[in-house]
Structures are given as C-alpha cells and as structure tokens.
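Written below as structure tokens is the structure these notes are about.
Please treat every number below as a calculation from the coordinates, not as lab data. Predicted model, so just to flag it, every value in this text is computed and none were measured. Here the Cβ positions follow ideal geometry from the backbone for every residue, glycine too, while neighbour counts run over all protein chains shown.
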Amino acid sequence: MSELSSRRTSHDVQGQALSAPLNALPEAALVIDPQSCVVASNDLAIALFGRDPTGDALSGLLAQADLRLQGERPVRMRAQGRHGDHVPFIVDVSVAAAEWAPGERLVLLRELDAGLLVQESNRLLDIAFDKSPIGLGLFDPEGEYIRANPALCRLLDRPLDGLLGRRDQEFTHPDDRQSDVDAAWRILDGEIDVWQTEKRFVRPDGTIVWSIASMTFLRDEHRHPVAWLGQFQDITERRSLEERLRRLADEDALTSIPNRRSFEGSVELALELSARHAIAGALLMIDLDGFKAINDTHGHALGDRVLSAVATALRQRLRATDLIARVGGDEFAVLLRATSGDAAREVADALAGVVRKTRLVPNIPEIALSASFGVADFGALPLPTVKELFAAADAAMYVAKRAARDDCR
C-alpha cells in the first residue's frame, strides 16, 4: 500500500473515531495533524465547505491562515474559505492543541454574523478607497471635500489637509467649471445618474493636469442627499501623446507649420464659407528659386535651415487670419482670407521681398534667396474645388518662374 493510501486510510479511521465528539460541538470543527492536514471534521464543517474536507491540506481550505501554536495559548484569527460552489466566505478561526493526540490541533470555525460582515465590508471598503490607484473624493452636498484618497492628493499635488473643507471648483480649470455646475444640476434633477467627462485641474505651480472625471450623488434610503462621489483618473500623459500625434498628422516636422494635408482641409473650409457668405480670398503658391542648387552645393542640412528660416520669416509677415503651410519640398502655400485681386498680389510682392531679405544664422555661407509666386483668387461663382484652386495657383506660379528666367537671359 502506498504512503498516500495509508495516510488516507489512517485519516478515515481517526475521523470515524472523532466524529461523535466533534459533532457535539456547536461550531464547525476540524482536526489537523502536525502537517496541517485535516484528519477529522464534523457535520457543521462538512456543511460549511459543501463537502467532507478530511484528507485535505488546511492551506487549500483557508487562505492565508497561519495556525501555528504559540506555546499553550490558543490562536485566533480571521481567514477566508470557499463554499462547495466556490463562493468565498469569511470565518473567525480558533485553534488549540488537541488533548487526545500530541501534535494534532483542534480548529473551530465560525462564520461572521451580519453585523460583523458589515463591519468587515466597511473595513475592506476603507482599504479599497485608500489603496485605489484612481483618485477618489467624497464631497458634502455643497461640494466641499470631506474625504480624499492618496491617489487624488498626488493628482492634485496637494496634501489632504489642503483639500478638506475646500470646494473642488477651486482646483478645476476655469474653462471647465461651468460644465461641472451644469452636470451637477442634471444629476440633482434626476436627468442623469452619473456624469463622466474629461476635465482639467490646476496644480499649485500652475501645471495643468487632465483627468477622466466621473461624478455621482449618493443618497440615503429616503433619497435624501448625502454626499457626492468623484473618481478622477490622470490622463495627462495620454492627452500629451494624442496632441503629439495630432501635430505629427497636421504639422510639417521641419518647419512646424501646417502640412499639405492639414492645409487642404483649411482651404476646403474657406471655400465653403465663401459659398455661404460670399467671402472672397486667394491662394498663393510659393516656390524657392534655385533651391536644388543650394542642397547640391551646401548640403541638405543647410537646405533644411533655409526652409525653416523662410517659413519663419513668411509667417511673421502674414496676418493672424492668414495661414501658411509647407506643401512640398521647397514649396509653400498661403491662404489669404478676405483678400483677393490686387490686394492679394500686393501681399505676394511683399512676401517676395521677405524671402529676398531672409538671412541665415551666423557662420553659414551667405545665400541669395528668391522665390516665384502664383496667385489664384476665389469668391466669384462658380467656386473652384480645392484641386482646381491649387492647379490654378501652381500654373500662375510656373508662369512667374518662367518669366523670371527669361528676364535673366
């Protein structure tokens, strides 16, 4: 017979001998051997676990139960077990040395009554509140902090005593305060139960922190207001990444002005506004003269500096309502809003002068810069498409470039 089979047979015999005295006890009872294996159990224990635990290791029945005796004194603790349907339960555990066999122990198990369960639940809720990685706050009906967990203190970069008794609105970005107030009234009026939004907080040093904020109103059994509960998850890093991705999609990486994709969207919007409100405008196409020679002679690094310098100079000359973009290697485009005809051509002449006067940083060879401009107006019906407007401005720009070359011969 194997050692395991011999041990099971021994446990069965011993369990039968102890069943009567164990069943006389008013609580679920187990007897465990020196290796913490169950050698006997009473009917209440079988009912508690939903099966006969005889032969099982105690560690498989009760989680985190350290029942090592300390001298002759009984050990008492609280542990978690599982019913036969795997539903967890919490028990008070008492263990003492068994008088009938050296090394064996008697384990008594008592499930918590309703009052103790409520107490334990409240204790666990307190732990969950304080340990939560998401910022949690409780506010009185007037919106003042009555409790905040460490995660919220870290998010706001304020100590707990710097929050208690103060309103959440004090730390909310001014542009987000009204939406909070509007949402609070919708909750109070019963229109919604929970409000979730992205909002900004302002830290003491002025840093802006973005969060996903969820707010709800806690009421008692009579529907009387008790407190506001707020959950705040820091998404500042995510927002920063989204902003960087947006810039990568819409901006030219070299010059930090809009790229062609973004610019075409702005031109399309300008044409729609022109159709609705008869607002005239113009598209300027700009091509640097002899840029390939600059790259070939001085290298692409210097060529990049030229492009950046020209982009900066042109942007500084334009009005706030105008928009400049880099739409190709050495090509720029400008959208002039509410400007067309002779006025647009005057802007083109002024920008040509800006390009000629553009100078690079010291210790770089002096380079004479010039550019060719093409202007295409819009405003008269029928309006061109974006593609047609670009084609017209491109054609005008190449006419100007050929004319400049003819003048140089």
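Where only DSSP H runs of four or more residues are counted, the chain gives -13000 deg cm²/dmol as its mean residue ellipticity at 222 nm, each run worth -39500 (n - 2.57).
What the phi angles of region 93-107 give under the Karplus curve with 6.51, -1.76 and 1.60, with θ = phi - 60°, is a coupling list of 10, 10, 10, 9, 5, 7, 6, 8, 8, x, x, 8, 9, 9, 10 Hz, glycine and proline written as x.
Dipole size of region 292-409 about its Cα centre, with +1 on Lys/Arg Cβ and -1 on Asp/Glu Cβ: approximately 240 debye, rounded to the nearest 20. Summing +1 for each Lys or Arg and -1 for each Asp or Glu among the other residues whose beta-carbon sits under 14 angstrom from that of residue 322 gives +3. Looking at the chain as a GNM with Cα springs under 10 Å, which of 339, 172, 321 has the largest mean-square fluctuation? Most flexible of the set in this elastic network: 321. When its C-alpha radius of gyration is set against 2.2 N^0.38 Å (N residues), the chain gives a value of 1.81. Take every pair of alpha-carbon atoms less than 8 Å apart whose residues are at least six positions apart; their mean separation over the length of the chain yields a relative contact order of 9 percent.
Extension gain for the segment residue 129 to residue 179, taken as residue separation times 0.36 nm less the Cα-Cα distance, is 15.4 nm to one decimal.
Number of Lys-Lys pairs in the chain under 29 Å by Cα, sequence gap 8 or more or different chains? Eligible lysine pairs with Cα atoms under 29 Å apart amount to 6. The mean sequence distance of close C-alpha pairs (under 8 Å, at least 6 residues apart), as a share of the length of region 78-211, puts its relative contact order at 12 percent.
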